[in-house]
Every structure is written in C-alpha cells, then in structure tokens.
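The next block holds one structure in the form of structure tokens; read it before the comments.
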Amino acid sequence: MKRLIKLILNTIPRPLLQRIAGWAVPIVGLLYVGKGKECPVCGCRRRKFLPYGYVSQRENALCPNCLALERHRLLWLWLLRESDLGRGAMALPRLLHIAPEVALMRKLRKMYAREAERYVTADLESPLADIHFDVQQIPLADGSFDTIICNHILEHVEDDGKALRELFRVMKPNGWGVILSPVDESRATTFEDDSITDPDERTRIFGQYDHRRIYGRDYAARLEAAGFEVAVIDYREAFTAKEQALYALPDEKLYIVHKPLY
C-alpha cells in the first residue's frame with residue numbers, strides 16, 4: 001500500500017488526483033474497518049488511517065473517508081473549539097479558503113449553507129475551487145475577507161513575501177487567518193535555492209517535486225514581515241496522550257495571524 005500511494009502521488013497530475021481521490025480513497029478505506037483511529041473531521045472510525053507522503057510514507061496520515069491529513073484534523077479541532085467559526089459567532093466571517101482541502105471544504109460548505117456567498121474557495125488550478133488565481137497576484141479588492149485559510153501553499157510559490165503581502169492586503173483590518181507551511185524546527189532559517197529545478201532533485205532536497213523552500217524557525221518572522229501579528233500555538237498539547245493517538249494528531253504548530261486595525 002505504501003509503495004502504491006507513493007507512486008500515485010508522484011505520477012498522477014494533482015488536478016486529476018483531486019477529482020478521483022474523493023471516491024477512490026473511501027473504497028480502499030473499506031479494508032481498514034475497525035476502531036483504532038477516529039477522524040475528528042468526519043467522525044469516521046477505522047482500524048488505522050492510510051499512509052501518505054511523497055518521499056517517505058507517514059503512518060496513520062490520511063483518513064480513508066474524508067481525506068483529512070494529520071494537519072487538517074488538528075486545524076479542524078482548533079477551528080471548532082477556539083475560533084469564531086465554531087464558537088457560535090453571531091455572523092459567520094467572510095472566509096477566503098485558498099487551496100481548499102477537500103475534508104475541510106466539505107465541512108465549511110455545510111457550515112455556510114445558508115450564506116454560501118460568504119465562503120469563497122480559490123486555487124491556481126484545482127477543479128474544486130470557485131475561482132482561480134495566483135496567490136502572488138490576487139484579483140480581489142483590499143479588505144475583502146474577515147478570515148483567510150491558506151495552508152501549504154507558500155512553499156510552492158516563487159515569491160512567498162509577495163504572496164503574504166497579497167494575503168495581508170485582502171484581509172480586513174482586525175481580521176484573522178491560518179497560514180500554515182511545513183516547518184523544519186531544526187533549521188534556524190529558511191532554505192531556498194531556485195537554481196534547483198530538476199523535479200527529482202527537488203523531491204530529494206525539499207521533500208516534494210514542486211516545493212521551492214524549506215521553512216525554518218524564522219517562519220513566524222516571515223509572516224510578521226508582511227504586517228501580520230502572529231500567534232504560534234502548540235495545539236496538540238491541548239489533548240491527552242490518548243486523544244492524540246486516537247486522532248493521530250501531528251507534532252506541528254499552528255500559525256494564527258491577525259491584521260491590526262491600524
């Protein structure tokens with residue numbers, strides 16, 4: 001199974017993969033019926049989750065029902081328990097969801113069913129998104145959204161600083177967002193080298209053929225350089241060891257951004 005998933009990830013174009021994964025993965029998931037793991041996004045219980053990874057396969061990563069990965073499960077728990085999306089706000093924030101993860105998008109579309117126009121999904125090429133654009137040049141007005149979710153995008157773009165400034169621009173003052181990227185805590189600073197163009201070499205060095213950088217502990221500072229106030233949250237620690245294992249939560253931090261009023 002590990003070899004098959006790795007082969008699929010590295011050979012099938014992402015737009016096609018996004019179209020077929022929604023029905024193909026749940027079929028495979030029938031092989032894992034049991035109660036060892038529980039997905040907090042969809043409530044699915046399975047003996048274990050599927051492995052996932054472009055280079056090395058992570059055990060218990062992919063929910064075979066809703067396709068939530070470890071980071072999606074952790075983020076969804078935070079959104080439900082700590083943000084105004086899940087705490088009964090009087091009005092749902094106008095939300096821009098860039099590169100919408102299938103598992104989260106399904107839940108958010110249901111949440112916004114009565115105010116569908118307040119939830120907008122966007123991507124460069126995904127057939128699942130409402131609109132399409134390059135995050136380095138967003139064709140939307142200043143202060144268009146109260147909240148922005150943009151995860152695992154910045155490591156792909158040529159100029160992440162420009163992309164962050166665009167995200168800051170389209171967020172309303174006093175707005176908030178979640179901007180996550182893979183962060184290597186062992187690195188003090190971010191590593192990037194645009195001279196590396198060979199896909200196999202990029203996969204070897206950056207962990208994925210279409211990644212352009214490896215973020216280090218300076219990731220929060222890079223978010224702040226765009227104007228954001230940043231809260232770094234080790235939200236996994238809000239759960240017991242039993243819950244962490246049940247949900248298969250990652251040892252990763254959440255980066256919550258806020259746009260000041262001034």
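The values are calculated or read from the model by the stated rules, or taken from the named source; none is laboratory data. This is a predicted model, so every value here is computed, not measured. Cβ sites come from the backbone with ideal geometry, for glycine too, and all protein chains shown count toward neighbours.
Among the residues that make up region 223-230, is at least one of them at pLDDT below 95, in a loop (DSSP other than H, G, I, E, B) and not small (Gly, Ala, Ser)? No: region 223-230 contains no residue that is at pLDDT below 95, in a loop (DSSP other than H, G, I, E, B) and not small (Gly, Ala, Ser). Residue check: Ile196 meets all listed conditions (1) farther than 20 Å from Leu79 by Cβ; (2) β-branched (Val, Ile, Thr); (3) within 18 Å of the chain's Cα centre (by Cα) but one, namely (3).
For region 122-143, state whether one or more residues are assigned to a helix (DSSP H, G or I) and either more than 17 Å from the chain's Cα centre (by Cα) or in the same structural domain as Glu166 (by TED's automatic domain parsing) (or both).
Narrowing region 122-143 to residues assigned to a helix (DSSP H, G or I): none.
Checked against the condition, which is being assigned to a helix (DSSP H, G or I) and either more than 17 Å from the chain's Cα centre (by Cα) or in the same structural domain as Glu166 (by TED's automatic domain parsing) (or both), region 122-143 yields no hits at all.
Residues of region 183-206 that are modelled with pLDDT of 95 or more, surrounded by 15 or more Cβ atoms within 10 Å (Cβ to Cβ) and over 18 Å from Asp159 (Cβ atoms): Val183 alone.
In region 144-169, the qualifying residues are those that are aliphatic (A, V, I, L, M) and assigned to a strand (DSSP E or B), and the one that is surrounded by the fewest Cβ atoms within 10 Å (Cβ to Cβ) is Ile149. Within the option set Leu74, Leu96, being in the same structural domain as Ala241 (by TED's automatic domain parsing), in contact (Cβ under 8 Å) with a residue 24 or more places away in the chain, out of contact with any Pro (no Cβ under 8 Å at 6 or more places or on another chain) and surrounded by 19 or more Cβ atoms within 10 Å (Cβ to Cβ) holds for one residue only, Leu96. Looking across region 36-62 at every residue that is closer than 27 Å to Ile148 by Cβ and in contact with a Gly (Cβ under 8 Å, 6 or more places away or on another chain), the one that is surrounded by the most Cβ atoms within 10 Å (Cβ to Cβ) is identified as Ala61. Does region 63-78 contain any residue that is of a type in the set (Lys, Arg) and either over 28 Å from Phe239 (Cα atoms) or at pLDDT below 95 (or both)? No, there is no match, as no residue in region 63-78 is of a type in the set (Lys, Arg) and either over 28 Å from Phe239 (Cα atoms) or at pLDDT below 95 (or both). Each residue in region 82-101 was checked for being touching a His at 6+ places or on another chain (Cβ under 9 Å) and assigned to a helix (DSSP H, G or I), and 0 of them qualify.
For region 100-121, the condition holds for at least one residue, the condition being that it is in contact with a Pro (Cβ under 7 Å, 6 or more places away or on another chain), at pLDDT 95 or above and not hydrophobic (A, V, I, L, M, F, W, C).
Take the conditions (1) touching a strand residue (DSSP E or B) at 6+ places or on another chain (Cβ under 6 Å); (2) free of Cβ contacts under 8 Å to residues at least 60 places away in the same chain; Thr147 misses just one of them, which is (2).
Here's the yes/no breakdown for (1) within 20 Å of Leu62 (Cα to Cα); (2) buried (at least 17 other Cβ atoms within 10 Å of the Cβ); (3) under 16 Å from the mean Cα position of the chain (by Cα):
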site: Gln208; (1), (2), (3): yes, yes, yes
site: Arg212; (1), (2), (3): no, yes, no
site: Gly216; (1), (2), (3): no, yes, no
site: Tyr219; (1), (2), (3): no, yes, yes
site: Glu229; (1), (2), (3): no, no, no
site: Glu237; (1), (2), (3): no, no, no
site: Thr240; (1), (2), (3): no, no, no
site: Gln244; (1), (2), (3): yes, no, no
site: Tyr247; (1), (2), (3): yes, yes, no
